[in-house]
Amino acid sequence: MSTGPSNKRLNVSVVGAGIVGAAIAYSLAKHGVTVTVIDRGRPGGGATGHSFAWINATAKHPVSYHNFNRRSLGMWDRFARDLDVDVGLRWGGQMEWAATEEGAAELESRAQQLQAWGYPCQMIDANRMARLEPGICPRQVTAAIYCELDGMVEPAAAAEACIRAAAKHGAAVKLETEVTGLIVKSGKSGSNTVAVAVAGGETVDADVVVLAGGVDNTRLAAMAGVTVPQQDSPGVVIRTNPIAQPLFSSVSVVYAPPLEPGRPEIHLRQCLDGTAMIGEGTQESLARDDSQGHADELLARAAEYVPALKGASAIPVPVGYRPMPLDGFPVVGFSPKAANVYLALTHSGVTLAPLIAQLATMEIVDGAQVDLLSGYRPGRFD
Ligand SMILES: Cc1cc2nc3c(=O)[nH]c(=O)nc-3n(C[C@H](O)[C@H](O)[C@H](O)COP(=O)(O)OP(=O)(O)OC[C@H]3O[C@@H](n4cnc5c(N)ncnc54)[C@H](O)[C@@H]3O)c2cc1C
């Protein structure tokens, strides 16, 4: 959808100022596009603000999707350095251990698979665990892994910083402005434009509209006659009050086994402001209990492994909804049904935002057809 070599500046509206839309808006603005970002709330107020924000290629299958995530992971350093604040990007890796023979077999097979894909994931023993993280009391260890490339970030801060940076490059930012309709208009020259209708009756005209509305992308795409089915994917990650001392000395993300059989594993990390984030199960586990009781119980379980959490207060966070395409894989590209509508919908959007922003910019600005996205096209749901 490039405007070609004409002197007219491409005009793009981006709906959604979560980490994905904000990264795309910034990248487009930096490339000289006239950008308008529209969000019905504030930057990072959607799934981005609920995210555990583990930057990883560890829990990603098959190898093509693993490599897609790994490529984006490798872009995060440069992406964050370009922003005007510390967005909490920290490396250090992910450490995980098992307490049962079954759990050990699963970790061994995962480590073998990741190593075969060339991703550094080592089996480590209890001594190495203790050297990496002396503050953790792991109780029982049947096997442990360490994936040294993984990291974490504060995604809402990153989304805000991207929006500020986009504005510095001339982007218009319309917050607390709900998109209520999309009208694709055919021009006399055969080129289409899109009118983005917002609450209050105003419309914003654009050559291209990027839909980065997270879970609302299904509804937004339907406004242009495009089908993008999603799974319902609620998740809960609680927080604590800020804890002055570092909980971990080197790793960024810790996965600990269930305390009792039949319970889910837990994962935790410490944020830039000292608060701890604690979730249970895997990155895709469904959870709806955002009560104080559940938050207290999660914190109590985490404190069994991380004694520095004893005495902290659990702060429940309302359930968050992961943008989750029906088949679990990203939906990125122009819709074959509405040529001026570019979709950007994905799970693991925190990991994937730098890459998706870069590829979307190449397709929108340069008219490229990026092969890397061929498995993730919107047309697969038509
Ligand atoms: C509990 C949980 C844990 C997660 N853990 C991880 C993790 O560890 N690692 C990882 O990489 N990813 C993780 N994710 C996924 C990741 O957070 C998301 O993929 C990512 O935040 C999606 O960003 P987004 O910009 O696409 O969507 P969002 O952040 O949801 O942003 C969409 C924006 O669109 C706006 N919008 C929607 N409709 C309209 C409209 N009609 N008009 C105007 N604006 C509109 C919303 O207000 C919102 O700001 C997790 C998600 C959850 C919920």
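If the condition is being more than 6 Å from the ligand (Cβ to nearest atom) and over 9 Å from PRO155 (Cβ atoms), then the stretch 40-56 contributes ARG42, PRO43, ILE55, ASN56. Among the numbered conditions (1) within 12 Å of the ligand (Cβ to nearest atom); (2) touching a strand residue (DSSP E or B) at 6+ places or on another chain (Cβ under 6 Å); (3) among the hydroxyl-bearing types (Ser, Thr, Tyr), the only one that THR34 does not meet is (1). Checked against (1) of a type in the set (Lys, Arg); (2) within 15 Å of the ligand (Cβ to nearest atom); (3) within 25 Å of SER374 (Cα to Cα), LYS337 passes all but a single condition, namely (2). In the stretch 249-262 there is no residue matching the filter, namely being under 13 Å from ILE315 (Cα atoms) and surrounded by 24 or more Cβ atoms within 10 Å (Cβ to Cβ). Would you point out the residue of the stretch 180-206, among those that are more than 17 Å from GLY16 (Cα to Cα) and touching a residue at least 40 places away in the same chain (Cβ under 8 Å), that is nearest to the ligand (Cβ to nearest atom)? Taking the candidates together, the pick is VAL184.
Identification of strands (runs of 3 or more DSSP E) wholly contained in the stretch 113-227 with 3 or more residues that are within 28 Å of the chain's Cα centre (by Cα) and among the hydrophobic types (A, V, I, L, M, F, W, C) yields 143-147, 192-198, 208-211. Looking at ASP39, ASP82, ASP86, can you tell me which residue is surrounded by 20 or more Cβ atoms within 10 Å (Cβ to Cβ), touching a residue at least 60 places away in the same chain (Cβ under 8 Å) and among the acidic types (Asp, Glu)? None of the others qualify; the one that does is ASP39. If you check GLY74, GLY93 for being under 23 Å from the mean Cα position of the chain (by Cα), within 16 Å of the ligand (Cβ to nearest atom), closer than 28 Å to GLU260 by Cα and modelled with pLDDT of 95 or more, only one passes: GLY93.
Regarding the stretch 358-373, can at least one residue be identified that is farther than 19 Å from PRO62 by Cα, crowded, with 24+ Cβ neighbours inside 10 Å and without any contact (Cβ under 8 Å) to a residue 60 or more places away in the chain? Yes - at least one qualifying residue is present in the stretch 358-373. Summed over the stretch 266-281, residues that are over 16 Å from HIS50 (Cβ atoms) and either crowded, with 24+ Cβ neighbours inside 10 Å or within 14 Å of the ligand (Cβ to nearest atom) (or both) total 2. Would you check if ASN67 is more than 10 Å from the ligand (Cβ to nearest atom), of a type outside the set (Asp, Glu), out of contact with any Pro (no Cβ under 8 Å at 6 or more places or on another chain) and over 30 Å from GLY170 (Cβ atoms)? Against the criterion (more than 10 Å from the ligand (Cβ to nearest atom), of a type outside the set (Asp, Glu), out of contact with any Pro (no Cβ under 8 Å at 6 or more places or on another chain) and over 30 Å from GLY170 (Cβ atoms)), ASN67 qualifies.
The values are calculated or read from the model by the stated rules, or taken from the named source; none is laboratory data. These numbers were taken from a predicted model, which means no experiment stands behind them. Cβ atoms come from the backbone with ideal geometry, glycine included; neighbour counts cover every protein chain shown.
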